[in-house]
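Read through the structure below, which is laid out as structure tokens, and then see the notes.
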Amino acid sequence: MPVYKKNQLVGKFRRQPCTSLQILSHVATFYALGCFVVFIQPTWLIAPPDSWAPVLVAAFWVMFVLDLALYGFTLCADTRYLEALPGMPDSYPDVEPRKCDDCGTEVSEPRVKHCQTCGWCMEGFDHHCRYLNVCVAGRTYKPWYAFVAFLLALVVICGFASVHALVEPLRHNLHDYHPTAFFIIMGSAAVVSNIEVLFLFALLAQHSYFCLAGVTTLEFIKDQDPPFPGLPPKGWRQAVSDAECPICHGMLGLTEAAEVDEVLFCTICQGDLGKAYVSFYQCDVCDAAAVCAICYKAAASSATVTTYRATAMRRRSQALLGVMDSTRHGGGSSKNRTPSVPSRYSSFSGEPREVRVGRRSVGAMVAAVEGHSGERTSYVSPCCGAKEEESESGSSTEEG
């Protein structure tokens, strides 16, 4: 097994400021839990010993302590990828490493992705949780799953208790002192709790399916075969240098930029071709391989493949495609020449290629609401409307 060392930036653990969604979700959860503890628990504790109420109170506190421990571990655990030295891990002999342009990490394992929100390459990346504002990846996925399960049980108890209190208000002291305040507090707690129950149940069912299917949230949302992001396959340089597909050895042809909403990644560097919206090289046989212009040019060298974010990929690809186009029409070396047509059609068949868009199912919507795929999200400017947090001048990567 390789010897692991921490990245040189590991000592500077970067924590993101709290987001409005993170604060709102925490306030809503603690409001539901607080209403149970302050207003319902005292009544349940004085119930007869043979009643179910004291049992639920005891179960509530046991699960609360466990859930709090899981919450703390998920927030504090370091899921950043640790570089492997020397060379590749023994378990991945058929692939080459790739380099993250943003943090400079040399990635030698699949499912390692750079999260632009956290600013690091995450090992075993699943998603960036919007409500905890941390990456759920690697060793934090199971604790996070257990945290969601216990939290679901807690809000189920809170929701049941709030509805039960509304049905039997005379058993509670607050109703005797101020009936209006009682119904407002208990009614709002019931609404908040039951909304959280529905969301957490859908989320837990979604991730139960992911565990059984062996896929991550990222792979499901992006509709990619596991493991994703992957690594460059061995022998790809020779194949691409000969204008051949590294998968089936069919011919590679230059194809026009993907549709804006198309889900398409470079087979070699795992860069987002759809978001970069640049022309790329595609196989005329299997239609499964897509090679960006950067990797197509890098096939002639032995340098480690670098994964760029969409803006940097677009800028570099357009520059390389311009150089190769002038070489193709103005003479020079025949290296890396392939047929090219400036259209949305295959360079060989003359037929429209299949456009693969992201999932539009309810499951994908739930997954996208709970977390994002590590990319920069848009925000609303009061003067300019929606903007993209991603800077055009930067050189970081979306897929690391």
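Odds and ends about this structure:
- The range 130-250 shape via C-alpha gyration tensor axes, a/c threshold 1.5: prolate
- Estimated FRET transfer efficiency (SER301, ASP223; beta-carbon r; R0 35 Å; 0.05): 0.65
- Heavy-atom accessible surface of ARG80, to the nearest 10 Å², is about 10 Å², with a 1.4 Å probe and all protein chains retained.
- Distance between the C-alpha centres of the range 137-183 and the range 26-55: 8 Å, rounded to the whole angstrom.
- Separation of the CYS286 and HIS178 label points, Cα + 7 Å toward Cβ, nm: 6.9
- Cα-projected label distance for VAL191 with ALA146, points at 7 Å along beta-carbon direction, nm: 3.6
- Ranked from largest to smallest solvent-accessible area, with a 1.4 Å probe on the protein heavy atoms, LYS275, LYS222, LYS142, LYS234 come out as LYS142, LYS234, LYS275, LYS222.
- Computed accessible area, TYR277, all protein chains, 1.4 angstrom probe, square angstrom: 100
- Kirkwood hydrodynamic radius of the range 92-161, Cα pairs, Å: 14.1
- Rolled with a 1.4 Å probe across the full set of protein chains, the surface gives ARG139 an accessible area near 140 Å².
- Between SER51 and ALA77, the FRET efficiency estimated from the beta carbon spacing at R0 = 56 angstrom works out to 0.90.
- Sequence of HIS178, HIS26 from largest to smallest accessible area, 1.4 Å probe: HIS178, HIS26
- Our estimate of slack between GLN318 and ASP94, defined as 0.36 nm per intervening residue step minus the Cα-Cα distance, is 77.6 nm.
- Distance violations [Cα-Cα > 19 Å] among LYS222/LYS297; LYS222/LYS275; LYS234/LYS275; LYS113/LYS275; LYS99/LYS297: LYS222/LYS297; LYS234/LYS275
- Take the Cα of LEU21, step 7 Å toward its Cβ, do the same at PHE201, and the gap between the two points is 2.3 nm.
The values are calculated or read from the model by the stated rules, or taken from the named source; none is laboratory data. Bear in mind that the values here come from a model prediction, so they are computed numbers and not experimental data. Quick reminder, even Gly has a Cβ in these numbers, built from the backbone with ideal geometry, and neighbours come from all protein chains shown. Remember, those area values only see protein heavy atoms, side chains included, never the ligands or the DNA or RNA. Shrake-Rupley method; radii C 1.70, N 1.55, O 1.52, S 1.80 Å.
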